[in-house]
Amino acid sequence: MNWYHWIALGALAICALVLFAHFIRLIRLGNPTDYSKKSGSVAKGVAYSSTVAMIDHKESAYLHIPTYFAGMVYHVGTFVSLFLFVFFLINIALEFTLPLWLKWILIAGLSISTLCGFVLFVKRLLVKNMRNLSNLDDYLSNLIVTFFQGMTIGYLLCPCVEAYYYIFVSILLLYMTLGKLKHVVYFFAARYHLGFFYGWRNTWPPKKVK
Amino acid sequence: MEKLSQEQIDKALKILKMPADSKLVTHLNACVHCGLCADSCMYYKSMKEDKFIPARKVELVASLYRRYCTLTGKIAPKLVNARDLDEKMAEEMVDILFGACTLCGRCVKHCSIGVDIAYVVRIGRQMLAAMGLVPATLQATVDAALTTGNNMAIPTEEFVDTIKWMEEELIDEMQDENARIPLDEKDKNILYTLNPREPKFFPLSISAMAKVFYAAKESWTLSSTMYDVTNYGLFNCNDEEAGIIARHLHDEVKILNAKMLVLGECGHGSRANRWEGPNYLGMKYDFDMITVAELINDYIRSGRIKLDKTIIKERVTMHDPCHLVRNGGLLNELRFAVKSAVNDFVEMNPHGNDNFCCGGGGGQLAMSEYNDRRIKIGEIKAEQIRKTGATIVVTPCHNCVDQLMQLNHHYKLNVKIKSIGEIIADALVIEK
Amino acid sequence: MAQIEFDGDGFLVNPGIWNVDIAVEIAKEDGIQNLTEQHWSVIHVIRNNYLEKGMAPMIRVICKETNLKLREIYELFPLGPARGACRIAGLPKPDGCV
Ligand code: SF4
Ligand code: SF4
């Protein structure tokens, strides 16, 4: 292992620890106490909230197909890149060679998701509403993650950028603990609370209109 | 606006700094500024100003949270748009959180993350309430309820006179001395409740429900003092005041020893009693609360009342009150009642959990200063109604009724607005 | 009417300045071109009640004093007793869901 591997490993540990701390804090704060008489099912509400609700007649999706689609692809790209990062680290010991076809599929896929990330960045920059809603962190987060995917492509193409790759990932991981990228934790918490709320009141899962 | 005192600021920030559970922290950290909620909100849809985008409402509160409760916000406020709580901020919050949100929750369902935007707006209002910055018009309605027990400050004798008057009319119509509107009677099945605007200005919905109770041979009563189902404390978000108001009805059930509290046709009032009341008071209620629609459905299903669908010949549509349907789970309960009474029923588009607010929710009806916005956003509802071709709009909420009456006039819809009680009473077959 | 001040809802800010001309003007805004005797009888009952007790009268009182039926009053004032009649009678906006 080289020095930059150690740095990346350290960053990963810090990032995981901080995110885990956020998670633990949520758990410790706990569920809202509700003294009202429940009329639905929280479990079913949460199950719906975390699955079907994401596509079920959701205006943020169907009124904005291109953006929504780009966002989805972008997120998949991010998770694939993160997964690859962990794989690369482990692979230092395993010394497994990725089959060529898989490599090219990954490169092609990540190219598309990188493009999506970039398009979303440009949209945030150019559309007035978006600009007025955004802060520096929004732009930075978007850029860093897009770059991260780009770097992953670079590293897949040529091992020569290895040092740059690891250093960049370290920056990303550390940055993740500061701003909006924490939504990797809070997204799931929000889905949970929404399911709790609507499930308790029997709004979710939605009934067919009779 | 006057300069905020440190005491005011501390009181407001306490709400952010001492969360009771993980809900607040979650929703204040979750918005990713994707902006996709914009088109779900009638304020943005009808006025296209970006300050009305739901995420901007969340951002007002979240930026304070970041400033005072997160490390990044304390060290590098510019990076994450962490803002100070000062006069300018407070003014913006009043204008947007009180003046540009009906707490309808429509955006919540459509948010790509699942941020409970309406909940965050209510937290923002709580902060403003803690600083004493509730708009005077809204506060006046809360104060009336606090000091007199009803939000229109109706004196008890005048209320009693009105009920007696309605009772005489009912006796006349039913030609039966036993067709009564009982007041303050103990040990009944049901304590029924009203929106004060019924006795004050629109008492026909009281006699309509009395007719339904008469037909169902229900054992029921009204209280001569604590009959107000509304709770504007839900809107000024002063939970302490909301609790005092919620306690009125809770205690009245106990005093009269009624078995059940029936919530009159009022969306926010139903929510404030049924869902929030026990939480305001921090205890479970040992009696049941149901809404008028649920009660009427029981009567229909059990055959206690009979309806004739052919009496009402006109086309009918229904407006879903946000707090009964999206925030109260009564989607099909409301429909069952209305569809049992009429033949020609059409839905608005969209409807149910996805409905648009009438535009008068969230305390907007009380806040004159935002009247223009209220009428403007109501255009969406007006056009929805127009497209159904219906001539009767039913809605089980007197707050919605008032807004719809104004929309009817302003946008020249030529429809009649009715409560569920009224439409049921119209279709009622009285068996002698 | 430029100098007369209304609140956002169109109710008089200072009910003391009310007069017959103002009533006629407000009524026109509501689409009532001619205020009939019946209109005036309702308006006067509301106005007097306000001057005496500081609030709008119950609809029962209006019916009793004018001898009009409920439905007749709703027809006379399409915006209803509160936003319609009370506003024309120069009262401030009542509290509550109106
Ligand atoms: S709760 Fe309703 S009014 Fe408020 S921001 Fe959401 S959609 Fe708009
Ligand atoms: S849709 Fe949700 S996450 Fe996106 S900007 Fe709106 S509130 Fe924030």
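Annotations for the structure displayed:
- Residues in region B:261-291 that a label on residue A:35 would reach, taking backbone N under 14 Å of a point 7 Å out along Cα→Cβ: B:273-287
- Expressed as a whole percent, the accessible surface of region B:306-432 that belongs to carbon and sulfur atoms is 50, based on a 1.4 Å probe.
- Only protein heavy atoms count here; under a 1.4 Å probe, residue B:345 has an accessible surface of about 40 Å².
- Springs join every pair of Cα atoms under 10 Å in this Gaussian network model of chain A, and among A:137, A:34, A:56 the largest mean-square fluctuation is at A:34.
- Across peptide A:194-205, the mean count of Cβ atoms from other chains lying within 10 Å of each residue's own Cβ comes to 5.
- Working from Cα pairs under 8 Å separated by at least six residues, relative contact order for chain B is 15 percent.
- Alpha carbon centroid spacing (whole Å) that separates region B:150-191 from region B:199-270: 13 Å
- Per DSSP, loop chymotrypsin sites (Phe, Trp or Tyr not before Pro) in region A:48-130 with at most 12 further Cβ within 10 Å: A:96
- Within a straight-line Cα-Cα reach of under 16 Å, residue B:412 can be paired with the following aspartates and glutamates, leaving aside sequence neighbours fewer than 8 residues apart in one chain: B:379, B:383, B:402, C:29, C:30, C:75.
- Size of the A/B contact, given as accessible area buried on both chains, probe 1.4 Å, in Å²: 4900 Å²
- Label-point gap, in nm, between residue B:255 and residue C:28 - each point 7 angstrom along Cα→Cβ: 5.0 nm
- Counting Cβ atoms of other protein chains within 10 Å of each Cβ in C:70-78 and taking the mean gives 2.
- Mean partner shielding of peptide C:41-49, defined as the number of other chain Cβ atoms within 10 Å of each residue Cβ, is 0.
- Label-point separation in nm, residue B:344 to residue B:283, each point 7 Å along Cα→Cβ: 5.3 nm
- Probe 1.4 Å, all protein chains present, accessible-area order of C:98, C:24, largest first: C:24, C:98
- Environment charge of residue B:258, counting only residues whose C-beta is closer than 15 Å and scoring Lys/Arg +1, Asp/Glu -1: -4
- Checked against a 29 Å cut-off, the cross-linked pairs A:128/B:387; B:164/B:416; B:109/B:339; A:208/B:254; A:58/B:339 give Cα-Cα distances beyond that limit for A:128/B:387; A:208/B:254.
- The share of accessible area on region B:6-133 that comes from carbon and sulfur is 53 percent, using a 1.4 angstrom probe.
- Loss of accessible area when B meets C, both sides summed, Å² nearest 100, probe 1.4 Å: 2600 Å²
- Most tightly packed first, judged by the mean number of other beta-carbon atoms within 10 Å of their residues, the peptides B:170-180, B:208-218 read B:208-218, B:170-180.
- Nearest-0.05 FRET efficiency for residue B:17 and residue B:185, computed from C-beta distance (R0 45 Å): 0.40
- Simple label model, 7 Å out from Cα along Cβ direction - residue B:71 to residue C:65, nm: 7.0 nm
- Most simply put, the protein assembly as shown has about 15% antiparallel DSSP beta bridges, counting only bridges with both residues inside it.
- For residue B:394, distant residues with modelled amide H under 5 Å away: B:317, B:318, B:319, B:418
- Gyration tensor (alpha-carbon) shape descriptor, region B:284-331, a/c threshold 1.5: oblate
- Accessible area per residue for region B:305-429, computed on protein heavy atoms with a 1.4 Å probe, is 30 Å².
- Among B:400, B:31, B:358: highest mean-square fluctuation, GNM of chain B, C-alpha pairs under 10 Å: B:31
- Stretching the chain fully between residue A:55 and residue A:87 yields a gain of 8.4 nm (0.36 nm per residue, less the alpha carbon separation).
- Taking amide H as placed 1.01 Å from N in the peptide plane, the amide H of residue B:291 sits under 5 Å from that of B:263, each at least 5 places away or on another chain.
- Per residue, chain A exposes 52 Å² of solvent-accessible protein surface, assessed with a 1.4 angstrom probe and all protein chains in place.
- Hz values of 3J(HN,Hα) by residue in region C:14-20 - Karplus curve (6.51, -1.76, 1.60), Gly and Pro given as x: 10, x, x, 7, 4, 8, 4
- For peptides B:331-337, B:267-273, sequence by mean Cβ density within 10 Å, most packed first: B:267-273, B:331-337
- Helical segments meeting 24 Å axial Cα length and Kyte-Doolittle 0.5 threshold in chain B (DSSP H): none
- Most fluctuating residue given options B:121, B:346, B:325, as computed from a GNM of chain B linking Cα atoms under 10 Å: B:346
- Region C:15-88: C-alpha gyration tensor shape, a/c 1.5 cut-off, then a/b vs b/c: oblate
- Using a cutoff of 8 angstrom between alpha carbon atoms and counting only pairs six or more residues apart, the relative contact order for region B:138-300 works out to 25 percent.
- Relative contact order computed over chain A (Cα-Cα under 8 Å; 6+ residues apart), in percent: 45 percent
- Backbone N within region A:157-178 under 12 Å of label point (7 Å from residue A:111 Cα along the Cβ vector): A:157
- Lysines with Cα under 16 Å of residue B:78, excluding same-chain neighbours fewer than 8 positions away: A:180
The values are calculated or read from the model by the stated rules, or taken from the named source; none is laboratory data. Keep in mind it's a predicted model, so treat the numbers as computed, not measured. Neighbour counts are summed over all protein chains in view; Cβ atoms, including those assigned to glycine, are modelled from backbone coordinates with ideal geometry. Ligands, DNA and RNA are stripped out before the accessible areas are found, and what is left, the full protein with its side chains, is counted by its heavy atoms. Shrake-Rupley method; radii C 1.70, N 1.55, O 1.52, S 1.80 Å.
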